[in-house]
Structures are given as C-alpha cells and as structure tokens.
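See structure below.
The values are calculated or read from the model by the stated rules, or taken from the named source; none is laboratory data. All values derive from a computational prediction rather than experimental measurement. Note: ideal-geometry Cβ built from the backbone for every residue, glycine included; neighbour counts use all protein chains shown. Areas reflect the complete protein model, heavy atoms only, side chains present, ligands, DNA and RNA absent. Shrake-Rupley method; radii C 1.70, N 1.55, O 1.52, S 1.80 Å.
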Amino acid sequence: GMLQYPVKIMNADIIPTPALYYLMKDEPSISCGIMISASHNSAEDNGIKLIDSATGKLSTQDEESISRYLMSPVSAPTYYALGTETPFAFAAEKYQHT
C-alpha cells in the first residue's frame, strides 16, 4: 500500500533494529524507518516499529495521525504519484563496520 503515495522506499532487507537507527543517522535523506520485527523476544515485543529519524520515537500526535489514517477508508491510488522501492545497497555491511 505505501507505494500508492509519492514516497521513496529503501529496502535494507534483513537487519537488526539498531542497524536501522544507525543507517537513518548515516543517510540524511531518510526521514523515517519501518522495522518489521520477529526475533527471539516474546510475541508481544515483536511487530511493526515506526522510527522518526530525528528523535527515534514517534510523537503522540504522529501516532494518533497514523491510527486515524489506518481507520479511514482507502482511496484508489493515482498513477501520477506512485512511490518507488530500491534496495539500500550494502545496508548490513555499513552497519557491521561501525
């Protein structure tokens, strides 16, 4: 669903959550990160993590806006403003060299 909006998605593939924080700080063009986690932790600690590049945590206002959006009806995408997905080249390697 996200590619129906004019966003640029950089896919870092499988990396640990701390690597996402690092890569966001290292790449100034990234404004937010989305981590789908499924680790050794218990199920309630896994899920989707949304990360703000400036603070690391979303504001309450941002969380409420996302909740409202997810509860609203879905509109049809416009093909004039589709997003793109590209691989985040060497994401894991960049993090490993820190």
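Write out, first by first residue and then by second, each pair whose Cβ atoms fall under 6 Å of each other, whose residues are 6+ apart or on separate chains, and whose first residue, in the range 4-20, is closer than 16 Å to I48 by Cβ while the second is open to solvent by 50 Å² or more (accessible area, probe 1.4 Å) and modelled with pLDDT under 90.
Filtered contacts from the range 4-20: I9/E85; N11/E85; N11/P87.
I'm told L3 meets every condition in (1) at pLDDT below 80; (2) out of contact with any helix residue (DSSP H, G or I) (no Cβ under 9 Å at 6 or more places or on another chain); (3) closer than 22 Å to Y95 by Cα except one. Can you identify the failing condition by its number?
For L3, the exception is condition (3).
Can you find even one residue in the range 49-56 that is of a type in the set (V, I, T) and more than 25 Å from P6 (Cβ to Cβ)?
The initial filter retains those residues of the range 49-56 that are of a type in the set (V, I, T), namely 51, 55.
This time we only want the ones that are more than 25 Å from P6 (Cβ to Cβ), so: none.
Checking the range 49-56: not a single residue is of a type in the set (V, I, T) and more than 25 Å from P6 (Cβ to Cβ).
Among the residues in the range 76-95, are any of a type in the set (D, E), in contact with a helix residue (DSSP H, G or I) (Cβ under 9 Å, 6 or more places away or on another chain) and under 16 Å from M2 (Cβ atoms)?
Pass one, the range 76-95, residues of a type in the set (D, E): 85, 93.
Cutting the leftovers down to in contact with a helix residue (DSSP H, G or I) (Cβ under 9 Å, 6 or more places away or on another chain) gives us 85.
Those left that are additionally under 16 Å from M2 (Cβ atoms): 85.
Checked against the condition, which is being of a type in the set (D, E), in contact with a helix residue (DSSP H, G or I) (Cβ under 9 Å, 6 or more places away or on another chain) and under 16 Å from M2 (Cβ atoms), the range 76-95 yields at least one hit.
Consider only pairs whose beta carbons are under 7 Å apart and that are at least six residues apart or on different chains; among these, list those whose first residue lies in the range 21-47 and is closer than 20 Å to V7 by Cβ and whose second residue is among the charged types (D, E, K, R) and assigned to a strand (DSSP E or B).
C32/D52; M35/K49
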